[in-house]
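Single-structure report; data block below.
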Amino acid sequence: MNTLRRRTLDTIAATTLAAGLITLGAGAASAHVRVDPDGTSEGSYTQLTFRVPNESETAKTNKLEVSLPTQTPFSSVSVKPLDGWKAEVVISELPEPVTVNGATVTKAPTSVIWTADETHQIGPHEYQTFSISVGVLPTAGTELILPASQTYTDGNTVKWDQGATEGQAEPKYPAPAFTTTAKSNGHSHGGATTPPATVPAAAASSTSPANDAGATAGWLGLATGLIGLTTGFIALARTRSHRVE
């Protein structure tokens, strides 16, 4: 009888631990605003997808603003339509003229702003993705930091604008970022060499190391949780088998 009780308690403990690990893993993987690029090759065009979770228990997200690089500006930016969200590409004077593709540029897209209607705001325990097509990407090895500002219906604004430092703990509000890569044998690592048809003429994505670390930790937690959950079910099955005997 004591053996049966001990096995039952072990099963309950294993199952509870697994559930906790799964929850922890999912939370770690989705805790920040992050950017995922289709390609990162220098000289190419790419789609950047921003994943935006709602982290408030009482308010909804109704606005997102992403700042674009000004030292290495994009010459073209277009927005993928999203139901219930109005998008605006802001073109501004650059702090100083820069050379892009051999031409001197004084104005360029400096931010993209999305605003939701009342029925499409991001609620608690929800997330939304926002995509833009940009180009051309600058020289390989250039880190492109894309600070984001997330506004809630209660008036609070969270600024995802903190830079990550190698060897140090991840900041509380890391800015979405990625680093460009070199072309390999004439290929563009997933980036197009010509702009999409929808990109207007005007005048980037691997995730930052900090964001990659958070996502990796999340998936490791999820995998560990699943292993623990499987172990719990096996223990429960053995307990039932002994009870029948």
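The values are calculated or read from the model by the stated rules, or taken from the named source; none is laboratory data. The model shown is predicted, which means the values in this text are computed figures rather than measured ones. Using ideal geometry, Cβ is built from the backbone for each residue, glycine included, and neighbour counts are taken over all protein chains shown.
Things worth noting here:
- All conditions but one from (1) assigned to a strand (DSSP E or B); (2) at pLDDT 95 or above apply to Ala140; the one that does not is (1).
- Within region 63-106, the set of residues being out of contact with any Leu (no Cβ under 9 Å at 6 or more places or on another chain), surrounded by 19 or more Cβ atoms within 10 Å (Cβ to Cβ) and over 15 Å from Ser131 (Cα atoms) comprises Ser75 only.
- In region 23-42, the residues that are under 14 Å from Pro53 (Cβ atoms) and among the basic types (Lys, Arg) reach residues that are outside any strand (DSSP E or B) and modelled with pLDDT under 95 with C-beta atoms within less than 7 angstrom, at least six apart or across chains, in these pairs: Arg34/Thr207; Arg34/Asn211.
- Residue that is farthest from the chain's Cα centre (by Cα) [pool: residues in region 108-161 that are more than 30 Å from Val98 (Cα to Cα) and aromatic (Phe, Trp, Tyr)]: Tyr152
Residues are listed down the side, and each one gets a yes or a no for (1) aromatic (Phe, Trp, Tyr); (2) at pLDDT below 95; (3) within 30 Å of Ala140 (Cβ to Cβ); (4) under 18 Å from the mean Cα position of the chain (by Cα):
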site	(1), (2), (3), (4)
Ala19	no, yes, no, no
Asp38	no, no, yes, yes
Phe50	yes, no, yes, yes
Asn54	no, no, no, yes
Lys63	no, no, no, yes
Leu94	no, no, yes, no
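- Scan region 67-100 for residues that are of a type in the set (S, T, N, Q) and touching a Gly at 6+ places or on another chain (Cβ under 9 Å) and the total you get is 2.
- Options Thr198, Thr153, Thr181: the member that is farther than 21 Å from Thr70 by Cα and modelled with pLDDT of 95 or more: Thr153
- Residues (of a type in the set (Gly, Ala, Ser) and surrounded by fewer than 19 Cβ atoms within 10 Å (Cβ to Cβ)) located in region 112-153: Gly123, Ser131, Ala140, Gly141, Ser149
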